[in-house]
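Let me begin by presenting the structure, written as structure tokens, before commenting on it.
The values are calculated or read from the model by the stated rules, or taken from the named source; none is laboratory data. On a predicted model such as this, the values are computed, not experimentally measured, just so you know. In this analysis, Cβ positions are derived from the backbone assuming ideal geometry, glycine residues included, and neighbour counts consider all displayed protein chains. For accessibility, only protein heavy atoms count, side chains too; no ligands or nucleic acids. Shrake-Rupley method; radii C 1.70, N 1.55, O 1.52, S 1.80 Å.
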Amino acid sequence: MATRIDLEGLTVDYGGAPVVADLDLAVEPGTLVALLGPSGCGKSTTLRAVAGLLQPSRGDVRFDGRSVLGLPPERRPLAMVFQSPLLFPSMSIADNVGFGLRMQGVGRAERRRRSLEALERVQLPGVADRRPGQLSGGQEQRVSLARALVAQPQVLLLDEPFSALDAALRVEVRDLVAQLQREAGVTTLFVTHDQEEATVLADTVGLMLDGRLQQVGPPRAFYERPASLRVARFFGTANAFPGTVVGGTWRGPLGEVPVRAADGPGVLVVRQEAVRLVGADEDGVDGVVAATTFTGTAVQARVDCAGTQVALVVGATTPLAAGARVRVHVPPAHCTVVPPGS
Amino acid sequence: MRALARVVGLPLLLGGLLLPFVPLLLWSVARRYPYPALLPTERSSRPLGLLVDPQSEVLQGLVSSTVIALAVAAVASLVGLSAGRALGLHAFRGKRLVQFLLLAPVVVPGIAVTLGIQVFFIRYGLADTRRGVVLAHLIAAVPYVTLVMGSVYANLDTRIEEQARTLGAPPLQVLLRVTLPAVAPGLAVGALFAFLISWGEYVLTLLVGGGTVKTLPLLLYAYLGSTDTPVAAALAFALIVPPVLLLALTSRLLAGQDAPLAGFGRA
């Protein structure tokens, strides 16, 4: 039975401004929640508080409803994987993997058997008797993963576990983590600065900025329904148009768009992937292509619509050159209004 | 050019290092070795025999030196382990002052310090005892060990300790199974320094030991002043051989890729 994690009003300050402020987050049993944010936003601090590596100033960390604040890290039923593999240099790979079992008092033969099994699961058979330093960075990180999972922890904490790997390895290890996490059904809290990683891996994403949780929800919501301008910007939304909402209609430089938002000033946010080019007789706004960038798989374009810059993406095969006259359609279904200055 | 340096330079270097030991070796097996003779005219096993003769003060000196140097190495290692950790890993108020005080004995001659605190040594009954000598040697040895351990800890990724904690290891297990193995090579270097400092110490031993605690350097000095040059030569050997052996055994730790200190770069 997997464990549920609840963070309640978690606050960490080192005397000055809080690094983590009043954070509430629930991680449902067996799910993977990603804490996403730029470096210095407090996400790693949050993870360290869950691990017991630091004491929060206020608030609580609960596993299955019971506070674990009084427990030192070694008594919390969790395992953690850090950014670097951190293998113990004085031990063989098998002894590294078996370290957690040894601390639980599991006998030598049983430890060996389960360590070998765990190494198989991370697709590293036959390295058991090597030493750390004789493996590549990606292999070492997989050993680290095996070491964390071998003792079947109730909670898995991952602190940027892929960021030290190069691009190809990163995807490989990421997919392995996803697979192992599902197989083991272990409740996982995952810290990353990479929105793509969070999107691909997580059931639920929590975006942190300046020590505060900005938005929590399924990954898709961050693209389709950002809660604020900053959230939209963090997820790479390039289009934000200031305007005013009156009676369920946003009015601004792109004309009128029906939206679901309260009356008042509002910024219309729409992803560049959602903006479409349409024919001259269809609903839309006329403009001139200001610039195009070929990215290999697509073409990013900026269209000047009477002084307002609209960013959009078209397929790599679509002919589109600067100076071309086009008509741009912003589908209301993909638009969100966020408060100005949010 | 490099080949020439190797052909000429290396023998010169080795010769310069080893040549002074040749007369020592010859003297230590001599009974008579009058001036113009190239080799001793009469040989004897007496001087070297003294090194293993339980009745001789030479053996006692060897034992005394060894016990004191081991004790100094042990205590200095313990102090260096904790002080080095604090200085290498943590920022705290007054850190610069602590650093200065720790390193002061390197700058201030030990004799000045010892003269100053000898009153207390006498008051607490430490004068003329091995314990007192060990304490005095520690003044000289602790700064070096602390320096070494400070740099070892500064290079230690302490997340490895956190990793061990999250894998279920209580603090004592982390220390024994993770931290100590990781700093052990550096600690060995530090302990070696402490041993060598104590082993070769003369002035502090004389001041605090008051002639009662006779270590090898003290005996050597006494025999150098006498006419018994063969025994002095044997003593010099006893003084030189253990450190050289220790260095040979630990040279791997002082240089090379995996050395705990930058040392002299790659071997």
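Considering only residues that are in contact with a strand residue (DSSP E or B) (Cβ under 7 Å, 6 or more places away or on another chain) and either open to solvent by 40 Å² or more (accessible area, probe 1.4 Å) or within 14 Å of another protein chain (Cβ to nearest Cβ) (or both), which ones fall in segment A:42-53?
Listed by number, the residues that qualify are A:S44, A:T45, A:L47, A:A49, A:V50, A:A51.
Table: residues versus (1) surrounded by 22 or more Cβ atoms within 10 Å (Cβ to Cβ); (2) at pLDDT below 90; (3) in the same structural domain as A:G65 (by TED's automatic domain parsing); (4) on the phi < 0 side of the Ramachandran plot.
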position: A:A118; (1), (2), (3), (4): yes, no, yes, yes
position: A:P132; (1), (2), (3), (4): no, no, yes, yes
position: A:L135; (1), (2), (3), (4): no, no, yes, yes
position: A:G138; (1), (2), (3), (4): no, yes, yes, yes
position: A:L145; (1), (2), (3), (4): yes, no, yes, yes
position: A:Q154; (1), (2), (3), (4): no, no, yes, yes
position: A:L169; (1), (2), (3), (4): no, yes, yes, yes
position: A:L180; (1), (2), (3), (4): no, yes, yes, yes
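Of the residues A:T336, A:T297, A:T292, only one is within 33 Å of the chain's Cα centre (by Cα), more than 24 Å from A:F222 (Cβ to Cβ) and of a type in the set (S, T, N, Q); which?
Details: A:T336 fails: more than 24 Å from A:F222 (Cβ to Cβ); A:T297 fails: more than 24 Å from A:F222 (Cβ to Cβ).
One residue alone meets the criteria, A:T292.
When you scan segment B:235-267, how many residues do you find that are modelled with pLDDT of 85 or more and touching a Pro at 6+ places or on another chain (Cβ under 7 Å)?
1
Within 14 Å of chain A (Cβ to nearest Cβ), surrounded by 19 or more Cβ atoms within 10 Å (Cβ to Cβ) and part of a helix (DSSP H, G or I): which single residue out of B:A194, B:A182 fits that description?
B:A182
Considering each residue of segment A:222-257, count those that are over 16 Å from A:A198 (Cβ atoms) and touching a Phe, Trp or Tyr at 6+ places or on another chain (Cβ under 9 Å), and give that number.
Number satisfying all stated conditions: 9.
Taking A:T318 as the residue in question, decide whether it is more than 31 Å from the chain's Cα centre (by Cα) and of a type in the set (S, T, Y).
yes
Checking A:R131 against (1) away from chain B (no Cβ under 14 Å); (2) not in a helix (DSSP H, G or I), only one condition comes out false. Which one?
(1)
Specify the residue that is farthest from A:T199 (Cα to Cα); the eligible residues are those in segment A:258-273 that are touching a helix residue (DSSP H, G or I) at 6+ places or on another chain (Cβ under 7 Å) and not in a loop (DSSP other than H, G, I, E, B).
A:P258
Within segment B:1-110, which helices (runs of 4 or more DSSP H) (wholly inside it) include 2 or more residues that are open to solvent by less than 70 Å² (accessible area, probe 1.4 Å) and out of contact with any helix residue (DSSP H, G or I) (no Cβ under 6 Å at 6 or more places or on another chain)?
B:10-18, B:21-28, B:57-89, B:95-107
From the residues in segment A:1-41 that are under 14 Å from the mean Cα position of the chain (by Cα) and over 19 Å from A:R182 (Cβ atoms), which one is surrounded by the most Cβ atoms within 10 Å (Cβ to Cβ)?
A:L35
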